[in-house]
Amino acid sequence: MTRLSDGQVARLRAACGAADELAGRYRIERELGRGGMGVVYLAFDAQLERRVAIKTLDVAAVDPRLAARLRREAQLVGALEHPGIVPVHDLGFDAEGTPYYVMRYVDGETLEASAATLGGEAARLRLLLRICEPVAFAHARGVVHRDLKPANVMIGRFGEVWVMDFGLATLADPTFAARDADAPSATAGAARLTEAGAALGTPGYRAPEQEERSSEVTRAADIYALGCVLAFLLTGRHPAQRGSLDIASLAAPLRAIARTACAANPAERYGSVTELAADISRYVDAERVSAYDEPWLAGARRWLRRHRFVVALVATYLALRILFALWQR
Amino acid sequence: MADPFPLTRHSAIEAGRSPDERTRRLGYERVARAYWRPVLAYLRLRHRLARADAEDVTQQILERLWDRQLLAEFRPERARFRTFLRTCIDHLVANRSRDAAAAKRGGGWQPLAKDISELEQLLDGEAAPIAEDAEALFEREFTRTVFEEAMRALQEDYAARGRSLDLEIFEQYELENRDEWSHQDLAVRHGLTTSAVTNRLASVRRDLRLRVLATLESLTATEEEFRAEAERILGRRP
């Protein structure tokens, strides 16, 4: 870098001074993250005096189709009002006409980054249940995420859970939103955000049908990804590739849950995220898991474990009765 | 008003006060790289030192910061870092003869490779800013250093991300004579649409601004000092 002249420094100062605000309101502070087409900034909302996150296009990727995708992504996420989905506050265009949207700033770590500190098996499974909630909500609104993975789940400082980055999301059934009286019309307009035929999602977490026939991707693809997230949460390892879950160390019912969620054939997976969550809840509560054809002995052990206090009480009572009978003789 | 900036700072000055020697050395080196030219300019103008003497004293200042752990004595709540640094300079010059012997010790500090030819041309030339306030010159050199560091960081980042063309367009537009290039000229030259050039320029401006802020954050000791510097350099408080 050669020495800058005074004139060059003055021009750079002017250039930087002019580039710090969007809509005369959002002062960009620093870059939070960057993906294939988008970049997310931390910004300060000068009107409401709070920090926000702003997603816009990486200029290298600016083209009209991507701009339309970003705008529709904002509309789609904006229609999903759920505590586990980061709310969209605003949508606009910068001085050059590039779209951006403003989200709540989430202060925390991704599931990927915080995996080592999440506690034991039960705590991790309860966390997965909380991840399932916003996904099930999105499905109920007809939206398929299509890129669920640990890096797209944020854990807040106080244990809040958010599912992030609906950049690849699509409507599983475009007519669904139109039938839903509460669904904004923008959602129906966002029915197809991506090009047909493209392989979307993240390898390892991407369902087979996403790689082969992306136009037929349904809610089952998110169920597949949640099965992979389950495996990651309990083993700490990402699936290396499709169908290669390293879950031998897990209890048999958990293996069955993961395998059912990650079945190659979408029709053989759980019928909904709610069904997957229900099976995980049953495992946490030591109840019978629907995905697992349980041997009677295993069932008896589980029953004993679940009712251990009653069993202990009855066993103690019987033991005392026997001792009393022996003493009377 | 809510605080728009995080509490955690990545300040080279804080690093220079660290109890860990490696962290401390990295902090000192960063501070020295950023401040040697403002210090040199200040010595030449404020204390009227000859070029060789100014270089010598600049080196002594930077060595002393390390050898005597002067950064550890800096109290951010009492003064801005640059005020502290200028006080150190004035003190050192006042006691220069007494400290001459001590200035020869090594202490592990590596002399900085400096290219001061252009600065010297400015100070020695007919248009030398004799009437300019030394502190203003210090500020100006510091600002120049901040932008040069930010541009250097941007070059590395853009090269890694395959965006060197964006920076090339930006440099042509902002650093060459602006009258020579319109967005349309640049679009024709690089085979892009005019709107693509506009978008790329806007993006580089934003990225440069973020790097300027990051550079300032690393070279200031407190949030208040950082904000004041950002306001001075960019024209408004961040």
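The values are calculated or read from the model by the stated rules, or taken from the named source; none is laboratory data. Since this is a predicted model, take the numbers as computed values, not measurements. When we count neighbours, we look across all protein chains shown, and the Cβ atoms used for this are built from the backbone with ideal geometry, even at glycine.
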For this session: Quick one: in the range B:178-225, of everything that is more than 10 Å from every other protein chain (Cβ to nearest Cβ) and among the charged types (D, E, K, R), which residue is surrounded by the most Cβ atoms within 10 Å (Cβ to Cβ)?
Result: B:E225
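Residue under question is A:V77, and the condition is that it be closer than 19 Å to A:V163 by Cα, outside the structural domain of A:A138 (by TED's automatic domain parsing) and free of Cβ contacts under 8 Å to residues at least 24 places away in the same chain; does it hold?
Working: closer than 19 Å to A:V163 by Cα: yes; outside the structural domain of A:A138 (by TED's automatic domain parsing): yes; free of Cβ contacts under 8 Å to residues at least 24 places away in the same chain: no.
Considered against the rule, which asks whether it is closer than 19 Å to A:V163 by Cα, outside the structural domain of A:A138 (by TED's automatic domain parsing) and free of Cβ contacts under 8 Å to residues at least 24 places away in the same chain, A:V77 comes out as no.
In this structure, is A:V52 modelled with pLDDT of 90 or more, assigned to a strand (DSSP E or B), surrounded by 15 or more Cβ atoms within 10 Å (Cβ to Cβ) and not small (G, A, S)? Lay out the reasoning, then the answer.
Numbers: modelled with pLDDT of 90 or more: yes; assigned to a strand (DSSP E or B): yes; surrounded by 15 or more Cβ atoms within 10 Å (Cβ to Cβ): yes; not small (G, A, S): yes.
Against the criterion (modelled with pLDDT of 90 or more, assigned to a strand (DSSP E or B), surrounded by 15 or more Cβ atoms within 10 Å (Cβ to Cβ) and not small (G, A, S)), A:V52 qualifies.
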Exercise. Can we say B:R86 is basic (K, R), at pLDDT 80 or above and assigned by TED's automatic domain parsing to the domain that holds B:T222?
Worked result: no
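What is the residue count in the range A:273-300 for residues that are in a helix (DSSP H, G or I) and at pLDDT 85 or above?
Of the residues in that region, 12 qualify.
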Exercise. All but one of (1) in contact with a helix residue (DSSP H, G or I) (Cβ under 6 Å, 6 or more places away or on another chain); (2) within 21 Å of B:R209 (Cβ to Cβ) hold for A:G38; which doesn't?
Worked result: (1)
Exercise. When only residues in the range B:147-156 that are more than 9 Å from chain A (Cβ to nearest Cβ) and in contact with a helix residue (DSSP H, G or I) (Cβ under 8 Å, 6 or more places away or on another chain) count, which is surrounded by the most Cβ atoms within 10 Å (Cβ to Cβ)?
Worked result: B:L154
Exercise. Looking at (1) farther than 30 Å from B:D90 by Cα; (2) touching a helix residue (DSSP H, G or I) at 6+ places or on another chain (Cβ under 9 Å); (3) surrounded by fewer than 22 Cβ atoms within 10 Å (Cβ to Cβ); (4) within 11 Å of another protein chain (Cβ to nearest Cβ), can you tell me which one B:A159 breaks?
Worked result: (4)
Exercise. With respect to the numbered conditions (1) within 22 Å of B:F74 (Cβ to Cβ); (2) in contact with a Leu (Cβ under 9 Å, 6 or more places away or on another chain); (3) modelled with pLDDT of 85 or more, which one is the sole condition not fulfilled by B:E223?
Worked result: (3)
For this session: Only residues that are surrounded by fewer than 17 Cβ atoms within 10 Å (Cβ to Cβ), of a type outside the set (D, E, K, R) and assigned to a helix (DSSP H, G or I): list them for the range B:71-89, please.
Result: B:A72, B:T83, B:T87
